[in-house]
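**Student:** Just passing along the structure, written as structure tokens.
Every number here is computed from the coordinates shown, using simple stated rules; none is lab data. Because the structure is predicted, anything quoted here is derived from the model rather than measured. Neighbour counts are summed over all protein chains in view; Cβ atoms, including those assigned to glycine, are modelled from backbone coordinates with ideal geometry.
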Amino acid sequence: MAVSSLWPFQCPSTHETISTIIQRRSTNSTDVREIALCDLDLSFAKDILDLGCGFGFMAETLARRVAPDARLVGVDTWGANEAPFLEKIAAAGRRGRFVCMQLASRLPWPNRSFDLVVCSYSLYYFVDILSEVTRILAPHGLFVTLTHTESSMVSLLRSAGLDHDAGSELLTLTGRFSAENGGSLLKRWFGEVTRIDYQNSLRFGAGHMDELLTYLRFKQLLVPDSEPGDDLPEAVVGFAGTLLSRGGEVVIEKNDTAFQCRRPLCP
Ligand SMILES: C[S@@+](CC[C@H](N)C(=O)[O-])C[C@H]1O[C@@H](n2cnc3c(N)ncnc32)[C@H](O)[C@@H]1O
């Protein structure tokens with residue numbers, strides 16, 4: 001995976017701003033993390049692993065629901081995520097640890113060492129890790145993963161007018177583990193896979209031009225060869241500006257899917 005597609009996540013505060021914009025502009029008022037974890041009783045979970053944890057978006061909700069003496073380990077390629085991740089765990093009164101590493105196909109933990117493993121919007125970066133997830137998960141353990149629909153990526157590209165080559169890179173990344181193919185991939189590794197769809201869209205109206213451009217700029221950084229500080233193509237800015245200045249709105253599909261997986265089929 002091209003390093004440039006990881007640029008957006010090296011600055012946790014920028015990533016957190018994008019997360020806030022998504023929450024503010026979402027038409028679905030229920031938090032996607034609550035949907036992903038919905039009816040789960042997580043009080044059994046004492047050893048928890050968050051792969052590609054970022055600034056702790058999922059861990060923030062998770063930490064409040066696991067055992068009071070739980071330990072949450074976050075792994076991310078960018079060390080700057082350590083402080084915000086640990087802060088969110090501490091705010092929930094749980095213990096946390098951060099491991100800075102580039103995940104690929106191996107995990108540095110013994111067999112059956114975690115009760116709960118989560119991967120929120122990150123498995124498409126290191127989908128070859130799935131066999132290792134089944135190895136380090138306890139037999140009673142649970143794996144929860146959240147991902148995008150490929151159709152949402154197409155909607156995003158249409159609303160941004162991003163060019164075809166850039167678009168195909170974004171679609172290739174999402175297509176490594178998406179709502180559309182995630183179920184069949186996971187069934188190779190788990191005896192039980194439950195799917196939960198989250199219907200949502202982002203609506204940007206006349207007063208939201210800055211937020212829309214901030215959001216599109218962040219997504220542009222997922223395209224290889226982009227770098228922080230790169231301007232959005234003028235065509236994108238013009239396209240969005242024309243729509244909003246006419247009193248219209250930009251609507252971007254933002255449907256996601258969570259998978260809750262049990263009975264790891266350890267090789
Ligand atoms: C879209 S963000 C999701 C972050 C967080 N889980 C959330 O739900 O907001 C993807 C995260 O995965 C991390 N990541 C991507 N590839 C990685 C790899 N090979 N090893 C470790 N972390 C990686 C990125 O740095 C980023 O923080």
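**Student:** By its C-alpha gyration tensor, with a ≥ b ≥ c as the square roots of the eigenvalues, how is region 1-95 shaped: rounded for a/c under 1.5, else prolate for a/b larger than b/c, else oblate?
**Tutor:** Note, shape of region 1-95 comes out oblate.
**Student:** Of the DSSP beta bridges with both residues in region 3-264, give the percent that are antiparallel, rounding to the nearest 5.
**Tutor:** Numbers: 20 of 40 bridges.
For region 3-264, the DSSP antiparallel bridge percentage is about 50.
**Student:** Would you work out if region 104-147 is rounded, prolate or oblate? Take a ≥ b ≥ c from the square roots of the eigenvalues of the alpha-carbon gyration tensor; rounded if a/c is under 1.5, else prolate when a/b is larger than b/c, oblate otherwise.
**Tutor:** Oblate shape, in that a/c is at least 1.5 and b/c is the bigger or equal ratio.
**Student:** In deg cm²/dmol, rounded to 500, what helix-only [θ] at 222 nm does the chain give when every DSSP H run of at least 4 residues adds -39500 (n - 2.57) and the total is split over its residues?
**Tutor:** Numbers: 10 runs with 100 residues, N = 267.
Rounded to the nearest 500, it is -11000 deg cm²/dmol.
**Student:** With r as the distance between the Cβ atoms of residue 13 and residue 111 and R0 = 35 Å, compute the FRET efficiency 1/(1 + (r/R0)^6) and round to 0.05.
**Tutor:** After rounding to 0.05, the efficiency reads 0.40.
**Student:** Running a GNM on the chain with Cα contacts under 10 Å, which residue among 254, 88, 187 ends up with the highest mean-square fluctuation?
**Tutor:** 187
**Student:** Using a Cα-Cα cut-off of under 20 Å, which lysines could be cross-linked to residue 254, ignoring same-chain neighbours fewer than 8 residues away?
**Tutor:** Excluding near neighbours in sequence, the set is 219.
**Student:** Separate question: Among 234, 132, 150, determine the one that fluctuates most according to a GNM of the chain built with springs between C-alpha atoms less than 10 Å apart.
**Tutor:** Among 234, 132, 150, the largest mean-square fluctuation in the Gaussian network model of the chain belongs to 234.
**Student:** Compute the helix-to-body angle for 164-175: its Cα long axis versus the longest principal axis of the chain, expressed 0 to 90° and rounded to tens.
**Tutor:** That helix lies at roughly 20 degrees to the long axis.
**Student:** Any idea what angle helix 234-245 forms with the longest principal axis of the chain, computed on alpha-carbon atoms, 0 to 90 degrees, nearest 10?
**Tutor:** 80
**Student:** Working from Cα positions, state the angle (0 to 90°, nearest 10) between the long axis of helix 150-160 and the longest principal axis of the chain.
**Tutor:** Result, in degrees: 30.
**Student:** Where the centroid of each part is defined by its Cα atoms, how far is region 4-57 from region 72-134 in Å?
**Tutor:** 13
**Student:** Let me ask something else about it. Sort 75-84, 12-21 by the packing proxy (mean of other Cβ within 10 Å over each peptide's residues), most packed first.
**Tutor:** Numbers: 75-84: 19.3, 12-21: 15.4.
Per-residue mean Cβ counts within 10 Å order the peptides as 75-84, 12-21.
**Student:** Pop a pseudo-label 7 angstrom from the Cα along the beta-carbon direction at both residue 140 and residue 44 and give the gap in nm to one decimal.
**Tutor:** 0.6
**Student:** Here is a further query. If you take the square roots of the eigenvalues of the alpha-carbon gyration tensor of region 3-264 and sort them as a ≥ b ≥ c, do you get rounded (a/c under 1.5), prolate (a/b over b/c) or oblate?
**Tutor:** It is prolate, given that a/c is not under 1.5 and a/b is the larger ratio.
**Student:** Continuing with the same structure: Return the single residue from 101, 58, 153 with maximal mean-square fluctuation; model: Gaussian network over the chain, springs between Cα atoms under 10 Å.
**Tutor:** 101
**Student:** Pick out, in residue order, every one of the trypsin sites (Lys or Arg not before Pro) in region 93-125 that is DSSP loop and has at most 12 other C-beta atoms within 10 Å; say none if there are none.
**Tutor:** Details: sites: 94, 95, 97, 106, 112; in loops: 94, 106, 112.
Answer in residue order: 106.
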